[in-house]
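**Q** Sending over a structure as structure tokens; questions will come in a sec.
The values are calculated or read from the model by the stated rules, or taken from the named source; none is laboratory data. Note that the coordinates shown come from a computational prediction; the quantities given were computed from them, not determined experimentally. Glycine also receives a Cβ, built like all others from the backbone with ideal geometry; neighbour counts cover every protein chain displayed.
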Amino acid sequence: MSPTRTHARFDDDAALRTHGYQPELARRMGGFGNFAISFGVICILAGGMTMFGFGLTTGGPAVMIWGWVGIGLMTLMLGACLAEVTSAFPTSGGLYYMAHRLGGPRWAWVTGWLNLLGLLGAIAGIDYGAALFVGAFANLQWNLTPTPEKTILIFAGILVLHGTLNAFGIRLVNVLNSISVWWQLGGVLLIVGTLTLAPSKHQSAGFVFGHFNNDTGFSSPVYVAALGCLLAAYTFCGYDASSHLSEETRQAQVAAPRGIVRAIAWSWAAGFVLLVGMLFAVQDYAATQGTSTGVPPAQIFIDVLGAGAAKGLLLVVIVAQLFCGNAETAAASRMVYAFSRDGALPGSSMWRRVSQRTSTPVAAVWLSVGMALVIALPSLYSPTAYAAVTAINVIGITPAYAIPVFLWLFAGRRFEPGPWNLGRWSKPLGVISVAYVAVLTVVFCLPQTSPITTQSFNYAGIALLAVLLLAWITWVTKGKRDYKVPPLGSPAQNAAFAGDVL
């Protein structure tokens, strides 16, 4: 390795130029801020709480706890592999750019559309979940019935809030993400501490770690347990945010991969504590599932603390969810910006614009929240629509994580590791991670309740096919003509680095 290349690894702008891009975004984020955005997007107080009722139905406490442990471990392996590839390719394009350099434009195109739809679905899922919790709070505070129409209005207001905050620039986003870390950790300690000290009775350890509950209509416990892992798998999404914000991170080739791994590890530990604390405090299992608030965690708070204190804990969760949606908006908008920068989206010239005042892709921010609103609008007409939004998120993002890792396994000498890498563990962990995602993708497409009707049908498989069809149509009609990733650096650099990375 030449001295010039070694120096470029730690010169952020020089490293970016070797990938063919001129620096446009402001590098105002340090290592903690990069970790914070992925930790904020994972947000155990969003996914873990929003999907809590689903977990009670599909396997109950035993699957919720041990599914969290197992899925968390597998996610950490996958995240570590993705972190190594991120260290070599620290750009806002993230996954699709990695796929392009390792596998070519068609791989990049499919990865990009999967990732983009997953990120937009994540904004919709997170902010709609926050709207449901706001509705539960309003029900307790003002006896407001959270109808679908009222929920969608709350949801739209949250999207406008997140669009406005992100339009102010990365400095404000960075501050909010940093606060989010301490809010989440403090919120977990407050919730678990309160639920530990307040109840007159607790569930037994046997219940928390061993009780299996099946209200799906299926008879196979193995099948139901596999379905129950969706709670953890849905929560452990979004850690690619560290990669998407790498062009705004200092020392990105080290800080971004560390951000991915640390965000997963801290979320894994804190989420375990949260789930255990919540399950020990369950007072009436059936009543918690069928709560009139529509939010099972809210019923646990009410049963243990009464309506007054329950509203306080709900506010803690709601604020954490708002932090989460704001961080996801930042990540999605950078993906929109990068994809547009390479000519992949209709109207790319507009969505790639960067504000001279804030060095932020403001148009991409508003496109992201606008599309999230469109994705969630069917919730007005169908009670299964929110499950479909969740499916779009998970079924889009999860395969997109695996594609760069899959291509990296076969890249050989074409891939030059960055300063953060797994060494001799790279290949074994990569193989395990790709196999894990393949199995998980199939599980996400399986029916979740029986009998299977139009109301209970799992739309995840249809969502995946729709995204792949959309990717193919847009490739044929636009991608072949307009999509173009720049050559690696200057002509002199291309000659010097020929053969290093495709």
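**Q** Identify, by number, the condition in (1) in contact (Cβ under 8 Å) with a residue 60 or more places away in the chain; (2) over 23 Å from CYS237 (Cα atoms); (3) part of a helix (DSSP H, G or I); (4) not acidic (Asp, Glu) that ARG424 doesn't meet.
**A** (1)
**Q** Right, here's the next one. Pick out the one residue from TRP142, TRP183 that is of a type outside the set (S, T, N, Q) and either modelled with pLDDT under 95 or crowded, with 24+ Cβ neighbours inside 10 Å (or both). Full working, then the answer.
**A** Working: TRP183 fails: either modelled with pLDDT under 95 or crowded, with 24+ Cβ neighbours inside 10 Å (or both).
TRP142 is the lone residue from the list that is of a type outside the set (S, T, N, Q) and either modelled with pLDDT under 95 or crowded, with 24+ Cβ neighbours inside 10 Å (or both).
**Q** Which of the numbered conditions does ALA131 fail, given that it passes all the others? Conditions: (1) in contact with a Phe, Trp or Tyr (Cβ under 6 Å, 6 or more places away or on another chain); (2) on the phi > 0 side of the Ramachandran plot.
**A** (2)
**Q** Quick one: ARG357 ticks every box in (1) surrounded by fewer than 21 Cβ atoms within 10 Å (Cβ to Cβ); (2) under 26 Å from the mean Cα position of the chain (by Cα); (3) under 21 Å from ALA26 (Cβ atoms) except a single one, so which number is it?
**A** Failing condition for ARG357: (2).
**Q** Among the listed residues LEU161, LEU195, LEU185, LEU165, which satisfies the condition of being assigned to a helix (DSSP H, G or I), in contact (Cβ under 8 Å) with a residue 60 or more places away in the chain and more than 21 Å from the chain's Cα centre (by Cα)?
**A** Working: LEU161 fails: more than 21 Å from the chain's Cα centre (by Cα); LEU185 fails: more than 21 Å from the chain's Cα centre (by Cα); LEU165 fails: more than 21 Å from the chain's Cα centre (by Cα).
The match here is LEU195.
**Q** Give the residue that is surrounded by the most Cβ atoms within 10 Å (Cβ to Cβ), with candidates limited to residues of segment 447-461 that are in a loop (DSSP other than H, G, I, E, B) and within 21 Å of the chain's Cα centre (by Cα). Explain how you work it out, then say what you get.
**A** Quick first cut of segment 447-461, residues in a loop (DSSP other than H, G, I, E, B) only: 447-459.
Next, only the ones that are within 21 Å of the chain's Cα centre (by Cα) stay: 458-459.
On the way: ASN458: 21, TYR459: 19.
The residue in question is ASN458.
**Q** Filter segment 78-100 down to the residues that are in a helix (DSSP H, G or I) and small (Gly, Ala, Ser), then identify the one that is nearest to ARG352 (Cα to Cα).
**A** Taking segment 78-100 first, the residues in a helix (DSSP H, G or I) are 78-88, 95-100.
After this cut, where a residue has to be small (Gly, Ala, Ser) as well, the list is 79-80, 83, 87-88, 99.
Values: GLY79: 28, ALA80: 30, ALA83: 25, SER87: 24, ALA88: 23, ALA99: 20 Å.
Here the residue is ALA99.
**Q** Return the total of residues in segment 145-165 being surrounded by 15 or more Cβ atoms within 10 Å (Cβ to Cβ) and over 24 Å from THR293 (Cα atoms).
**A** 4
**Q** Out of (1) farther than 29 Å from LEU25 by Cα; (2) part of a helix (DSSP H, G or I); (3) at pLDDT below 95; (4) hydrophobic (A, V, I, L, M, F, W, C), what's the single condition that is false for ILE126?
**A** (1)
**Q** While we're looking at this one, here's another question. What is the one condition in (1) part of a helix (DSSP H, G or I); (2) out of contact with any Leu (no Cβ under 9 Å at 6 or more places or on another chain); (3) farther than 22 Å from PRO61 by Cβ that CYS237 does not satisfy?
**A** (1)
**Q** Also, quick follow-up: Among the candidates LEU468, LEU464, LEU440, which residue alone is assigned to a helix (DSSP H, G or I), within 18 Å of the chain's Cα centre (by Cα) and at pLDDT 85 or above? Outline the logic, then answer.
**A** Details: LEU468 fails: within 18 Å of the chain's Cα centre (by Cα); LEU464 fails: at pLDDT 85 or above.
Of LEU468, LEU464, LEU440, the one residue that is assigned to a helix (DSSP H, G or I), within 18 Å of the chain's Cα centre (by Cα) and at pLDDT 85 or above is LEU440.
**Q** Please go through segment 14-28 and give me each residue that is over 15 Å from HIS244 (Cβ atoms) and outside any loop (DSSP other than H, G, I, E, B), ordered by number.
**A** ALA14, ALA15, ARG17, THR18
**Q** Identify, by number, the condition in (1) more than 15 Å from MET74 (Cβ to Cβ); (2) outside any loop (DSSP other than H, G, I, E, B) that PRO417 doesn't meet.
**A** Among (1) more than 15 Å from MET74 (Cβ to Cβ); (2) outside any loop (DSSP other than H, G, I, E, B), PRO417 violates only (2).
**Q** From the list PHE168, PHE89, which one is surrounded by fewer than 23 Cβ atoms within 10 Å (Cβ to Cβ) and within 19 Å of MET29 (Cα to Cα)? Before you say what the answer is, go through the steps one by one.
**A** On the way: PHE89 fails: surrounded by fewer than 23 Cβ atoms within 10 Å (Cβ to Cβ).
Just a single option satisfies the conditions, and that option is PHE168.
**Q** Further question on the same structure: Go over the candidates ARG262, ARG250, ARG258 one by one and state the one that is of a type outside the set (Val, Ile, Thr), under 30 Å from ASN166 (Cα atoms) and either in contact with a Lys or Arg (Cβ under 7 Å, 6 or more places away or on another chain) or free of Cβ contacts under 8 Å to residues at least 24 places away in the same chain (or both). Even if it seems obvious, please write down each step before you answer.
**A** On the way: ARG262 fails: either in contact with a Lys or Arg (Cβ under 7 Å, 6 or more places away or on another chain) or free of Cβ contacts under 8 Å to residues at least 24 places away in the same chain (or both); ARG258 fails: either in contact with a Lys or Arg (Cβ under 7 Å, 6 or more places away or on another chain) or free of Cβ contacts under 8 Å to residues at least 24 places away in the same chain (or both).
Residue meeting the stated conditions: ARG250.
**Q** Next question, about the same structure. Which of the residues belonging to segment 199-216 are at pLDDT below 95 and either touching a Lys or Arg at 6+ places or on another chain (Cβ under 7 Å) or of a type in the set (Gly, Ala, Ser) (or both)?
**A** Once the filter is applied, which keeps residues that are at pLDDT below 95 and either touching a Lys or Arg at 6+ places or on another chain (Cβ under 7 Å) or of a type in the set (Gly, Ala, Ser) (or both), segment 199-216 yields only SER200.
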